[in-house]
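So the structure is just underneath, and the comments pick up after that.
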Amino acid sequence: MAKQIQKIRGMNDFLPEETTKWQQVENLIRQVVAAYGYSEIRTPIIESTSLFKRSIGEVTDIVEKEMYTFDDRDGDSLTLRPEGTASCVRAGNQHGLIYNQEQRLWYMGPMFRYERPQKGRYRQFHQFGCEVFGLNGPDIDAEVIILTARLWKTFGIADKVKLELNSLGSNEARAVYREKLVEYLKAHEEMLDEDSKRRLESNPLRVLDSKDKDVQAALENAPKLIDYLDDESREHLDGLCKLLDGAGIKYEINHKLVRGLDYYNRTVFEWVTKDLGSQGTVCAGGRYDGLVEQLGGRPTPAVGFAMGMERMVLLLDALGRLHQSDAVADIYVLGSGEQAAVVANQLAEQVRDKLPRLRVMNHRGGGNFKKQFKRADKSGAQVALIVGEDEVSNEQVTIKYLRTGTEQVTISQEQLIDYLSEYFV
């Protein structure tokens, strides 16, 4: 026997009992984004490596350590996308969707990063995200946050997540703050871990995001970015806070909150939870006004967020918000005899034509009624449609209730659609 091939480490199969949970989450997401007038965009999972180097930043962990990058047969460097925003901007620039326009877009799909697999974090993972282009006021920042708040309400977890907010200011203000932060950190360098020392030269703001306890202790008296904000950024943050207050959305200003990607400016936010252990962030985003121009487009304001699907499914499942159904059908169609099989097929297709929301499974593989009813029961169907010789002769169908004690009935085939419509209201 040939050796079985196994899945790649950190890249998961989702079996039928799991995909039903994912579908519930995905369907709720689609309902919410549709309610806000957002349109779906789908981009390739492979892009030019330069796209992510230019957008994410060459001195970030993603570009330095985590990207799946390879040369194709023409010698071009390609990368499996590690995040969705850069691809969204590239597509918008390439197809003329962004300049002098207002776009509200959403996407959902797989991303890839080479890191140590752990619960809720895999090498192939899935993200849902929204990106808005062409609007520069705090009102659109508020909208994307309000949209995420509605997601939590729809999921039934509004009391399980907390919003943290900060402003990174303008590039100029951040440059001034960077100098002050580096000066402070160098004076406390003995408390920094090796990763923070490396970031001190390449991306010092990421030190604020360190999980190391000694580093966090060193940061207690560090200068705060909010004290170096330019006037426009301060007004923008104040305007956003007023809008969130008016919407009844609670938040906490977190002076250490930065994003791991270089393209963010002004507003940054995270939704965090204590119900997932160390993987506490379930959604994060912010404003990135310079990225469109950085990737070859005209200057365009932009804001967005992304949500890790694995973490969200884990959280919802742990809190009992997802129901698992083993049923693969609502109706199971049985038949005995050659002509009965023909009629059973016809009836099943009629139901699928007239009542497309119902799942109809035909029995296949022959066997007596006892065997067929075992299959019907295993399918989880609510009712079975039985077609035997008598039903064929009399143009009837017998309906047997598989989950209740209701007595079976026999009706004419013409009545079937109306009967099922009333039963499956």
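The values are calculated or read from the model by the stated rules, or taken from the named source; none is laboratory data. Since the model is a prediction, treat every value here as computed from it, not as a measurement. When we count neighbours, we look across all protein chains shown, and the Cβ atoms used for this are built from the backbone with ideal geometry, even at glycine. With ligands, DNA and RNA removed, areas are computed over all heavy atoms of the protein, side chains included. Shrake-Rupley method; radii C 1.70, N 1.55, O 1.52, S 1.80 Å.
Structure notes:
- Members of the range 119-150 that are in a strand (DSSP E or B), open to solvent by less than 50 Å² (accessible area, probe 1.4 Å) and charged (D, E, K, R): 131
- When residues in the range 393-411 are screened for being open to solvent by less than 40 Å² (accessible area, probe 1.4 Å) and farther than 16 Å from residue 355 by Cβ, 3 of them pass.
- Enumeration of residues in the range 190-204 that are at pLDDT 80 or above and in a helix (DSSP H, G or I): 190, 191, 194, 196, 197, 204
- Scanning the range 61-89 for residues that are of a type in the set (Lys, Arg) and in contact (Cβ under 8 Å) with a residue 24 or more places away in the chain turns up 65, 81.
- Given (1) closer than 20 Å to residue 110 by Cα; (2) under 15 Å from the mean Cα position of the chain (by Cα); (3) touching a residue at least 40 places away in the same chain (Cβ under 8 Å), index of the condition residue 56 fails: (2)
- Condition met for residue 302 (open to solvent by 20 Å² or more (accessible area, probe 1.4 Å), among the small types (Gly, Ala, Ser), modelled with pLDDT of 90 or more and over 30 Å from residue 395 (Cβ atoms)): no
- Residues located in the range 86-104, provided they are in contact with a strand residue (DSSP E or B) (Cβ under 6 Å, 6 or more places away or on another chain) and open to solvent by 10 Å² or more (accessible area, probe 1.4 Å): 97, 103, 104
- Scan of the range 122-143 for residues that are under 22 Å from residue 163 (Cβ atoms) and out of contact with any strand residue (DSSP E or B) (no Cβ under 7 Å at 6 or more places or on another chain), ordered by number: 135, 136, 137, 138, 139, 142, 143
- Flag for residue 335 being out of contact with any Ser or Thr (no Cβ under 8 Å at 6 or more places or on another chain) and closer than 30 Å to residue 387 by Cβ: yes
- Some residue of the range 212-228 being touching a strand residue (DSSP E or B) at 6+ places or on another chain (Cβ under 7 Å), touching a residue at least 60 places away in the same chain (Cβ under 8 Å) and assigned to a loop (DSSP other than H, G, I, E, B): no
- Candidate set from the range 305-335 (those that are closer than 30 Å to residue 368 by Cβ and either aromatic (Phe, Trp, Tyr) or not in a strand (DSSP E or B) (or both)); member that is most open to solvent (accessible area, probe 1.4 Å): 326
- Residue within the range 54-70 that is open to solvent by less than 50 Å² (accessible area, probe 1.4 Å) and closer than 24 Å to residue 145 by Cα present: yes
- In the range 242-272, residue least open to solvent (accessible area, probe 1.4 Å) [restricted to those that are at pLDDT 90 or above, touching a strand residue (DSSP E or B) at 6+ places or on another chain (Cβ under 9 Å) and assigned to a loop (DSSP other than H, G, I, E, B)]: 249
- Residue ranges of strands (runs of 3 or more DSSP E) in the range 376-425 with at least 2 members over 30 Å from residue 17 (Cβ atoms): 396-401, 409-412
- Flag if residue 153 is in a helix (DSSP H, G or I) and without any contact (Cβ under 8 Å) to a residue 12 or more places away in the chain: yes
- Subset of the range 217-238 [surrounded by fewer than 17 Cβ atoms within 10 Å (Cβ to Cβ) and within 18 Å of residue 288 (Cβ to Cβ)]: 232
- Residue 116 outside any helix (DSSP H, G or I), among the charged types (D, E, K, R) and surrounded by fewer than 12 Cβ atoms within 10 Å (Cβ to Cβ): yes
- Residue match in the range 339-356 (condition: assigned to a loop (DSSP other than H, G, I, E, B) and either without any contact (Cβ under 8 Å) to a residue 12 or more places away in the chain or among the basic types (Lys, Arg) (or both)): yes
- Count of residues meeting criterion [out of contact with any Leu (no Cβ under 7 Å at 6 or more places or on another chain) and either aliphatic (A, V, I, L, M) or under 24 Å from residue 29 (Cα atoms) (or both)] in the range 92-112: 11
- Matching residues, the range 151-204, being hydrophobic (A, V, I, L, M, F, W, C), more than 19 Å from the chain's Cα centre (by Cα), under 24 Å from residue 240 (Cα atoms) and open to solvent by less than 20 Å² (accessible area, probe 1.4 Å): 165, 168, 173
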